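What follows is a short report on a single structure.
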Amino acid sequence: MWSTISTWPFSLQAVEKASQILAAGGNAVDAAEQGIHLVESDPKVDSVARGGWLNAKGELELDAAMMHGGTLRVGCVAAVKGFEHPVTIARAVMEKSKHNILVGTGAEEFADKCGIERADEDRLIMPAARKLYEENLKKLEEEQEIVGHDTIGLIALDQSGNIVSATSTSGASMKTPGRVGDSPIIGSGFYAMNGAGACVATGLGEDIMRTCCSHRTVALMEAGLSPQEAADKVIYSATRAIIDAGYHCDCMAIVCMNGKGEIGASCNHQGFTYTYAHEGQEPTSVVVTPIIDIGGIPNETKHTC
Ligand code: GLY
């Protein structure tokens, strides 16, 4: 038995690739990495690696992570520049480094030592991203809000029972250089533990981090909740906690899977879609109804970022 799930409609190509690998008996690490590669290379996906949103200095800075639920080994990279496949650097950190998280030039030099290929700026930064950057500079001058912070998060469960979570993102549009989102932060943007399950998140990293959405979801599945119950409980509770504390809550969404390959998904805003596949089920996209909708509750309080 195998199963895979991933965030957003753009993950369809990743789920298709991961499914082929898992169905052929491949392992969950390869499935997650190779699935995410397709999205990282797709210039039409404006929030992940090539074609992704730029930071406040007009640079492409990438975050990614991978966690193996059988070994609990983890690899995370943040604020990486000049690479098309940050998830491959994350995998290398997980498999070859004694550390869990590498950032900036340290991560880039580690990638060089591992023989991971660099990519030119001309390949990584698309004209559309530069145009959006110029428009956003004007918006910032006019004190308008900048939106944009989507992630590909993918979970793969292979036929040996190993579950892996992985993420990749260019992070929040117009972020301060050096800003790290939730996607490479253990327990926030991702988590995996064989038997209990795995979770990945997308949305505004600052809110996902302060509520540790992914580890909480896995812990609830470990305690016996179904993936859907766990996901709904965490998104509802995290959103309520931020708003009740008097702060603005931004978009948050998660997808999760337990050790049996059963899936769940939850969000606090309209428009979240995930894609999944498992044995006997072709890749399928599903629109999620929010368990709590930040568009429909008073939410005009203090911004924290
Ligand atoms: N969830 C992506 C980010 O905030 O960086």
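The values are calculated or read from the model by the stated rules, or taken from the named source; none is laboratory data. For clarity, every value in this text was computed on a predicted model and none was experimentally measured. Cβ: placed from backbone, ideal geometry, glycine included. Neighbour counts: every protein chain shown. Quick note on the areas: whole protein, heavy atoms, side chains included, nothing else; ligands and nucleic acids left out. Shrake-Rupley method; radii C 1.70, N 1.55, O 1.52, S 1.80 Å.
Odds and ends about this structure:
- Residue check for GLY171: touching an Asp or Glu at 6+ places or on another chain (Cβ under 6 Å), near the ligand (Cβ under 7 Å from one of its atoms) and of a type outside the set (A, V, I, L, M): yes
- Exactly one residue out of THR211, THR167, THR176, THR151 is more than 24 Å from HIS248 (Cα to Cα) and of a type in the set (S, T, N, Q): that is THR167.
- The strands (runs of 3 or more DSSP E) found entirely in the range 178-295 that carry 3 or more residues being open to solvent by 20 Å² or more (accessible area, probe 1.4 Å) and either modelled with pLDDT of 95 or more or of a type in the set (D, E, K, R) (or both) are 273-278, 281-287.
- Scanning the range 193-209 for residues that are more than 9 Å from the ligand (Cβ to nearest atom) and of a type in the set (A, V, I, L, M) yields a count of 4.
- GLU117 vs. criteria open to solvent by 10 Å² or more (accessible area, probe 1.4 Å), touching a Phe, Trp or Tyr at 6+ places or on another chain (Cβ under 8 Å) and more than 16 Å from the ligand (Cβ to nearest atom): yes
- Residues satisfying the stated conditions in the range 41-98, i.e. in a strand (DSSP E or B) and either away from the ligand (no atom under 15 Å from the Cβ) or open to solvent by 10 Å² or more (accessible area, probe 1.4 Å) (or both): MET66, MET67, HIS68, VAL74, GLY75, ALA79
- Sub-8 Å Cβ pairs linking a first residue in the range 23-41 that is polar (S, T, N, Q) to a second residue that is part of a helix (DSSP H, G or I) and open to solvent by less than 10 Å² (accessible area, probe 1.4 Å), at least 6 apart or interchain, are GLN34/ALA18, ordered by first then second residue.
- Within the range 174-184, considering residues that are touching a residue at least 60 places away in the same chain (Cβ under 8 Å) and in contact with a strand residue (DSSP E or B) (Cβ under 7 Å, 6 or more places away or on another chain), the one nearest to the ligand (Cβ to nearest atom): GLY181
- Candidates are the residues of the range 136-167 that are within 10 Å of the ligand (Cβ to nearest atom) and among the hydroxyl-bearing types (Ser, Thr, Tyr); the one that is surrounded by the most Cβ atoms within 10 Å (Cβ to Cβ) is THR167.
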